[in-house]
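Have a look at the structure below before the remarks.
Read the figures in this text as sums done on the coordinates, not as results from a lab. Since the structure is predicted, the reported quantities are computational estimates derived from the model, not experimental observations. Backbone-built Cβ (ideal geometry, glycine too); neighbour counts: all protein chains shown.
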Amino acid sequence: MTSTDTPATTRSGVSGPPVRRRRKKFSFDRVSFFVVFLGIPVVGYLIFVIWPFLQAFYYSLTDWSGFSPDMNFIGLKNYVNLFQDSIFLKAVGNSVTLLIVLPFVTLVIAMAFASIIVLGGPSNGPIRGLKASSLYRVVSFFPYVIPAIVIAIIWSFVYDPSAGLLNGILQSLGGNWANSFAWLGNPRTALVSVIFVIVWGLVGFYMVLFIASIKGVPAEIYEAARIDGAGRFRTAISITVPLIRDNIQTAYIYMGILALDAFVYMAGLEAGGGPGNSTLVISQRLFTTAFTKGQFGYASAMGVTLALITLLFAAVVFAVNRLTGGTNEVSE
Amino acid sequence: MTTTQSEATPAVVADRASTRTQRRSRRGDRTVGTISHVVLVIWTILIVVPLLWTLMSSFKTSKEIFASPFSLPTRFNFDNYVSAWTTAGIGSYFVNTLIVVFGALILTMLFGAMCSYVLARFEFRGNRAIYYLMLAGLTFPVFLAIVPLFFVLKNLGILNTLPGLIVTYAAFALPFTVFFLFAFFKTLSKSMAEAASIDGAGEWRTFFQIMLPQARPGLATVTILNFVGLWNQFLLPVALNSDPKNWVLTQGMAAFSSQAGYSVNFGALFAASILVILPVLVVYLIFQRQLQGSVSIGTNK
């Protein structure tokens, strides 16, 4: 624990008379400072976050049921079983679908709205945003502060076959087929309906994020693009996206982690995994396997699989960003 | 829009080109502007309508709700709200949520600020290691940790208790807090801390009286983001806090909605949703600018 007081004294020594050196390395103040400031948070973090993560890897190699102290080390048997578990594979398929669709759809819409709001003003004079657009910003950001479980509950009512708002609207528009159509109960529409809800909840958040990043791009760049004759769409694709690529990368990884989780949305919309498990996701399966069936070893193997998919996804996002010409710096 | 008139001087070309573009663009601008507004208005309606419908339905009886999604409530009263608050227990979940969220917020902000300060401003062996450990905590899915975490809390005797939940919330909010404040403390100037140290202030005093006040904007941002995150927390309470009298709002709402199918009080469920949304809506409308600012700073460094 060497401190920074060496450069401190030398630097202040330049400007004024020599300062007396303080050797206070082991003073009570200093020791207690490090114990409390670094010791407590790091120990707490190790116990409640890192230690469980590490344990999960070990448990995934055992047949532990959780409620008895005995567990047998069974090597990779859980993983072999996972690959033959058709329900789990179905869940992986659904999670990967969410992983591919959700970040892309959400971020494209968010980016489009952000571009319209910041750069959608008249094409002469200085670069301006769309007039009177703050209302859109305020309203679309609002779902971010509603707990996701409440969003899911509200939408499960909107989708309700007989009393729901959606079918009510469709019927009043003359869609008789919508008479008690079960959006969440039909294997063909269930996943799409869930995806819509998640997009609904998150577009505003990423829109606000992108608005800030687009505002960070110097206006001269947009003026230059306009003088060169670039249209709005071209500007968005060739100017905005490359210039804020690190923010997009961060957003993409956040969205990917969220899409792989999706647990809370599913708990409110499709608690049972949907019709024919058509919306079952890894996190739901893991939760049931652990806390309902008590197969903690097996559930831990699912957790490790989920973690590996997450890391793989992050690696792919980094690689794509790099290959298309971005830097490799992590924007935190 | 490039011009090919070679005989004209560049200035004239530019001039003509710009008038032509302007005429064309003014018409185009109007179209683009209209389409933009139409698209954004549709999105705004999509956001607002389900929420307003929830508000309207919260005054209807279950029978009215099933009669038609559009019918207005026949009697305007707060019966549903009363039964949501008391019978469904939303009131006590609210209190639990406030205790847990504020407890965890204080813990994670205090220790997050301390930890990031030490990591950012002192050099010692293991500094980078701790930093990367925090990064790992941000990247790995909480689902990986949830099973062992259950037993960690059980062995410590704090499973299904509010203190156990507070500590876990705080620990899982720590990496984000440290990351954000780490960058913030790095940018603060060293000279004031040095001056304080020369004047004989110890490390504790330097932190609380000199550094922490300077970090106030950063602290405000992280507090807001952590608050929203902890308020929405769902997995941790569902897995680690199964005693109904300790339930927080999110898990209480989930339980309420899944049992409503049997004991059917849909009006009360709508009312409960409004009860959860309303306070955050009010706070949001007041702090809307700061919150959106926080999101932008928090993720666009």
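Observations on the model:
- Square roots of 5 times each gyration tensor eigenvalue, C-alpha, chain A, largest first, Å: 42, 38, 19
- Amide proton proximity set for B:ASN232, modelled H, under 5 Å, gap of 5+: none
- Per residue of B:49-60, other chain Cβ atoms within 10 Å of the residue Cβ number 3 on average.
- Per-residue average of Cβ from other chains inside 10 Å of A:284-296: 2
- Gain on full extension, evaluated as 0.36 nm per residue between B:THR86 and B:LEU212 minus their Cα-Cα distance, stands at 41.2 nm.
- The mean sequence distance of close C-alpha pairs (under 8 Å, at least 6 residues apart), as a share of the length of region A:25-157, puts its relative contact order at 8 percent.
- Efficiency of FRET from Cβ geometry, A:VAL31 and A:VAL108, R₀ 60 Å, rounded to 0.05: 0.65
- Two-site FRET efficiency, A:VAL80 against A:ILE237, from Cβ-Cβ distance with R₀ of 60 Å, rounded to 0.05: 0.85
- FRET E, pair A:ILE169, B:TYR131, Förster distance 60 Å, beta-carbon r, rounded to 0.05: 0.70
- Over chain A, Cα pairs under 8 Å with separation of 6+ residues give a relative contact order of 25 percent.
- Chain B, Rg to Rh (Cα coordinates; Rh as Kirkwood inverse mean 1/r): 1.14
- Burial ordering of A:SER68, A:SER162, A:SER213, fewest other beta-carbon atoms within 10 Å first: A:SER68, A:SER162, A:SER213
- Choice from B:VAL147, B:VAL82, B:VAL41 showing the highest fluctuation, given a GNM over chain B with Cα pairs closer than 10 Å: B:VAL41
- Of the DSSP H helices in chain B, those whose Cα atoms cover at least 30 Å axially and whose Kyte score averages 1.6 or more: B:90-121, B:162-187
- Cross-link table A:LYS77/B:LYS154; A:LYS90/B:LYS63; B:LYS60/B:LYS245; A:LYS131/B:LYS60; A:LYS90/B:LYS245, entries beyond 30 Å C-alpha to C-alpha: A:LYS90/B:LYS63; A:LYS131/B:LYS60; A:LYS90/B:LYS245
- For the pair region A:32-93 / region A:162-207, the C-alpha centres are spaced 38 Å from each other.
- Simple label model, 7 Å out from Cα along Cβ direction - A:ASP70 to A:SER162, nm: 5.3
- Exercise: per-residue mean of other protein chain Cβ atoms within 10 Å, B:148-154: 6
- Kyte-Doolittle mean at least 0.5, axial Cα span of 18 Å or more - DSSP H helices of chain A: A:86-119, A:190-215, A:296-323
- Relative contact order, percent, chain B [alpha-carbon distance under 8 Å, six or more residues apart]: 28
- Comparing A:PRO275, A:PRO143, A:PRO126 in a Gaussian network model of chain A where C-alpha atoms under 10 Å apart are linked, the largest mean-square fluctuation is found at A:PRO126.
- Residue with peak Gaussian network fluctuation, chain A [Cα springs, cutoff 10 Å], from A:ILE50, A:ILE198, A:ILE151: A:ILE50
- Taking amide H positions as modeled 1.01 Å from N, with prolines and chain starts lacking one, the residues under 5 Å from A:THR62 and 5 or more places away or on another chain are A:ILE74.
- In region B:25-140, the C-alpha radius of gyration followed by the widest Cα-Cα span (Dmax) gives 25.8, 70 angstrom.
- Projection of the Cα convex hull of the protein assembly as shown, averaged over all directions and equal to a quarter of that hull's surface, yields 36.3 nm².
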